[in-house]
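Chemist: Just passing along the structure, written as structure tokens.
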Protein chains: 2
Amino acid sequence: MPRNQRRKEDRPDEIVAAAFTEFADRGYADTKLDRVAKRAGVSKGLVFLYFKTKEQLFKAVVRAVVVPRIDAFEAAIAAHEGSLASFLRGPFVEFAAALPESPARHVVRLIVAEGPKHPDLTRWYHDNVISRVTAALAGLFQRAEDSGEIKAATLSQQPLLLIGPVVIGMIWKLLFDSHKPLDTRAFLNAHVDMMLGAFAISRSDA
Amino acid sequence: MPRNQRRKEDRPDEIVAAAFTEFADRGYADTKLDRVAKRAGVSKGLVFLYFKTKEQLFKAVVRAVVVPRIDAFEAAIAAHEGSLASFLRGPFVEFAAALPESPARHVVRLIVAEGPKHPDLTRWYHDNVISRVTAALAGLFQRAEDSGEIKAATLSQQPLLLIGPVVIGMIWKLLFDSHKPLDTRAFLNAHVDMMLGAFAISRSDA
DNA sequence: TACTTTACTGACTTGAAAGTCAGTAAACAG
DNA sequence: CTGTTTACTGACTTTCAAGTCAGTAAAGTA
């Protein structure tokens with residue numbers, strides 16, 4: 001009687017999508033796989049057919065959500081032609097202001113929460129997210145140093161200095177925003193101004 | 001036969017201490033209360049006598065770990081007499097470099113992980129941790145602005161700019177340090193240098 | 001010593017969710 | 001149309017931990 005289509009191609013993606021909303025809403029432990037199944041419009045058994053365990057599904061979810069964003073970030077850096085200052089004040093602030101509102105913030109929560117329990121996932125996250133972002137930023141700063149736009153080699157050596165406020169923004173949105181909203185954009189602008197104020201040699205850029 | 005002392009006074013603290021190590025090691029969901037009881041040298045039933053639910057115990061743990069550190073941080077700021085620069089390069093870097101190694105980092109993980117499930121705890125954390133730290137820092141920056149040590153009012157308005165790298169340091173130690181160690185102190189020094197470089201008027205301080 | 005109070009115990013109940021699998025029917029081959 | 005494969009189902013099993021409570025004995029009282 002139930003008119004269930006057989007759609008082998010689409011099922012995994014649909015299950016991953018459903019699982020992500022559940023994980024994002026409830027965290028790992030409080031996500032029930034029959035709920036995921038229901039949301040995906042599928043029986044519980046099918047979830048286990050495509051993903052042997054809850055843990056495996058979780059890892060698939062993290063990878064699926066994270067990879068496209070990192071690709072986009074790298075592409076944005078590669079595509080930029082102008083000065084460092086114009087990149088930071090333009091595309092970077094846009095990107096960084098959007099992140100705390102985006103689904104990506106839930107990945108941060110999930111990784112912080114579950115990372116210690118899943119060393120291989122954590123390592124994958126480092127190698128495919130953290131170090132890719134770090135490398136892209138280091139390259140960006142390096143070019144600005146070589147061109148003489150900024151002095152000192154601090155930034156190319158400590159590229160993570162740029163993203164501290166982004167992390168704070170994501171955590172804030174996750175935890176405190178309903179109680180005390182944070183103006184992410186003002187916060188990020190202040191940070192970018194601070195960096196450029198500390199290192200910029202010529203202050204001609206907008 | 002079991003020679004169990006009755007020590008009503010000490011039990012709660014002992015249970016909280018045992019619970020903290022378990023929560024820190026395993027996270028909320030994977031912490032079993034009979035394990036906590038065992039670690040505290042107590043029967044499972046007694047845990048429930050002092051804390052009605054697991055959730056209540058969890059909240060007690062967070063409060064117990066966090067409050068003394070915030071007190072210490074506020075006191076350190078209040079006690080400092082010299083310039084902003086000397087505070088940041090001295091006590092602040094010490095404090096901030098110690099944090100990611102300290103048990104406090106586990107609280108960050110637990111709050112990020114469990115916060116969304118416990119709105120009242122999250123709110124308490126904001127009001128008793130975040131806003132106390134923010135206020136203390138804002139005061140510190142305000143004084144430096146008033147005395148003419150730094151220009152602009154950016155820092156007193158965005159005091160969180162100071163602690164982005166501290167958060168990154170804690171998360172890094174929690175997740176990636178075994179795979180790729182982070183030199184927290186160098187990272188923090190670079191950040192403090194950047195802030196002072198951006199805002200300091202006179203560069204006479206060490 | 002006898003009696004009362006209550007800190008403390010641990011076997012038990014209860015509920016819940018991950019993971020299983022025998023069965024069903026949709027697609028497709030011939 | 002018939003037979004075969006396999007995507008899919010959902011009731012069932014298994015495991016496991018939070019929370020309970022009847023009972024025990026340590027401390028206090030007289």
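Chemist: Label-point separation (nm) for residue B:6 and residue A:64, each offset 7 Å from Cα along Cα-to-Cβ?
Modeler: Between residue B:6 and residue A:64, the label points sit 5.8 nm apart.
Chemist: Using the C-alpha atoms of chain B, what convex hull volume per residue, in cubic angstrom, is computed?
Modeler: It is 140 Å³ per residue.
Chemist: Along each principal axis of its Cα atoms, how long is the range B:1-112 end to end? Whole angstroms, biggest number first, please.
Modeler: That gives 62, 28, 21 Å along the principal axes, largest extent first.
Chemist: Excluding residue A:112 itself, calculate the net charge of residues whose Cβ lies under 13 Å from the Cβ of residue A:112, where each Lys or Arg counts +1 and each Asp or Glu counts -1.
Modeler: +4
Chemist: So for A:130, A:150, B:201, fewest C-beta neighbours within 10 Å to most, what's the order?
Modeler: So the residues, fewest neighbours to most, are B:201, A:130, A:150.
Chemist: If you don't mind, there's one more thing I want to ask. Over chain B, with a Gaussian network built from C-alpha contacts below 10 Å, which listed residue (B:94, B:145, B:81) shows the highest mean-square fluctuation?
Modeler: B:81
Chemist: Let me know the Rg and Dmax you get for the protein assembly as shown when you use only its Cα atoms, in Å.
Modeler: 23.6, 83
Chemist: If you wrap a convex hull around the alpha carbons of the range B:87-160, what volume per residue comes out, as a whole number of Å³?
Modeler: Hull volume normalised by residue count: 93 Å³.
Chemist: Evaluate the distance, in nm, between pseudo-label points positioned 7 Å from the Cα of residue B:29 and of residue B:142 along their respective Cα→Cβ axes.
Modeler: That separation, rounded to one decimal, is 4.3 nm.
Chemist: For the pairs B:8/B:52; A:32/A:54; A:8/A:117; B:117/B:173; B:59/B:117, flag any whose C-alpha to C-alpha distance is greater than 21 Å.
Modeler: Correct reply: A:8/A:117; B:117/B:173.
Read the figures in this text as sums done on the coordinates, not as results from a lab. A quick note: this is a predicted structure, and the numbers were derived from the prediction, not measured. Every residue, glycine as well, gets a Cβ built from its backbone with ideal geometry; the counts of neighbours run over all protein chains shown.
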